[in-house]
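S.K.: First, the structure itself, so that you have it in front of you.
The values are calculated or read from the model by the stated rules, or taken from the named source; none is laboratory data. The structure presented is a predicted model; accordingly, all values stated were derived computationally and were not measured. Here the Cβ is made from the backbone with ideal geometry for all residues, glycine too, and neighbour counts use every protein chain on show. Side chains included, ligands, DNA and RNA excluded: accessible areas come from the protein's heavy atoms. Shrake-Rupley method; radii C 1.70, N 1.55, O 1.52, S 1.80 Å.
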Amino acid sequence: DEATQFAISSFSGEHYAISVANSAAAGDEVKVEVKVTDPAFHVTHVFANDVPCKKVSDIENGGIYSFVMPAEAVTIVADVAHNAYGISYDDSSAYTVEGPDTASVGDIVDFTVTMANPARKISAAKANDIECTLLSVNEETSLYTFRFTMPAANVTVTLEVGLDRHIITPIQGEHSVLTMLNCCDNWDAKPEERIFDEVVDKPVKFLYSA
């Protein structure tokens, strides 16, 4: 007599698709193909009712799983998760970077940079070609906090270092005069158009007369 067939159903999710036979007899080994439809995800588990399926082999974008058919109808479901990608940071004696070394697609990644020399600053930060957002700067500790959103790829964070220059604004008094002696790159300009600035910890020279 032909063995009784029991129904097999499956539910493909938002990020994966399941292929399996419509029915099988009790005791049959049933193969299940599960593929992710979004490359940012991977399959973590496949279940036949509440029983974990065994992974038989890998295929492109997924895998082949198997289970032994029970004497009852079966529903196949799968669990998927975001892929985790690596994060590496530029190595330099000019600064120290602290941040996570992995993240999943779409994660918000924050990292900090502490300058070894307060006279220097981070002028730009990129995660691959993504411009990182500067969240805060602690002037006392030369600590910078940056943020980016994790793409579907490994990331290398690169940093550009520049001199930490600050604008100097001479304010003339009603009965006094300040004469700047340095810190200007456009001495040929009219006095009112000259721009003064200097790097942190560098001397600023000026004359005061009343």
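S.K.: Given just the C-alpha atoms of the range 73-210, how large is their convex hull per residue in cubic angstrom? Present the calculation step by step, with values, prior to reporting the outcome.
M.R.: Details: hull volume 22.6 nm³, N = 138.
Hull volume normalised by residue count: 164 Å³.
S.K.: Here's a follow-up. Using a 10 Å cut-off on Cβ atoms, rank the peptides 167-175, 77-85, 6-14 from the highest mean neighbour count down.
M.R.: Ranking the peptides 167-175, 77-85, 6-14 by packing returns 77-85, 6-14, 167-175.
S.K.: Return the lysines within reach of K121: Cα separation strictly under 16 angstrom, same-chain partners fewer than 8 residues apart disregarded; answer none if there are no such residues.
M.R.: Cα-Cα hits under 16 Å: K202.
S.K.: How much of K121 can a 1.4 Å solvent probe reach, expressed as accessible area in Å² and rounded to 10?
M.R.: Using a 1.4 Å probe on the heavy atoms, I get roughly 70 Å².
S.K.: Sketch the reach of a paramagnetic label on E33 as a point 7 Å from Cα along Cα-to-Cβ, and name the residues of the range 61-79 whose backbone nitrogen lies under 12 Å away.
M.R.: Only 61-65 fall inside the zone, counting backbone N under 12 Å.
S.K.: Leaving out ligands, DNA and RNA, and with a 1.4 Å probe, what % of the accessible surface on the range 69-210 is carbon or sulfur? If you can, show how the numbers build up before the last one.
M.R.: Values: 4350 of 8690 Å².
Carbon and sulfur atoms account for 50 percent of the accessible area of the range 69-210.
S.K.: How large is the accessible surface per residue of the chain, computed with a 1.4 Å probe and reported in Å² as a whole number?
M.R.: It amounts to 61 Å² per residue over the chain.
S.K.: Mind checking the dipole of the chain: about its Cα centre, +1 per Lys or Arg Cβ, -1 per Asp or Glu Cβ, Debye to the nearest 20?
M.R.: Magnitude of the dipole: close to 520 debye.
S.K.: Further question: Towards the positive end of the charge dipole of the chain, with charges on Cβ (+1 Lys, Arg; -1 Asp, Glu), say which of T169, A40, M180 has the farthest Cα.
M.R.: M180
S.K.: Which lysines does K35 reach when only Cα atoms under 24 Å apart count, and residues fewer than 8 places away in its own chain are ignored?
M.R.: Within reach: K54, K55.
S.K.: Quick one: if the Förster radius is 35 Å, what FRET efficiency do A119 and A81 give, using the C-beta to C-beta distance and rounding to 0.05?
M.R.: Between A119 and A81 the formula returns 0.20.
S.K.: Mean separation of Cα pairs under 8 Å and 6+ residues apart, divided by the residue count of the chain: what relative contact order is that in percent?
M.R.: 14
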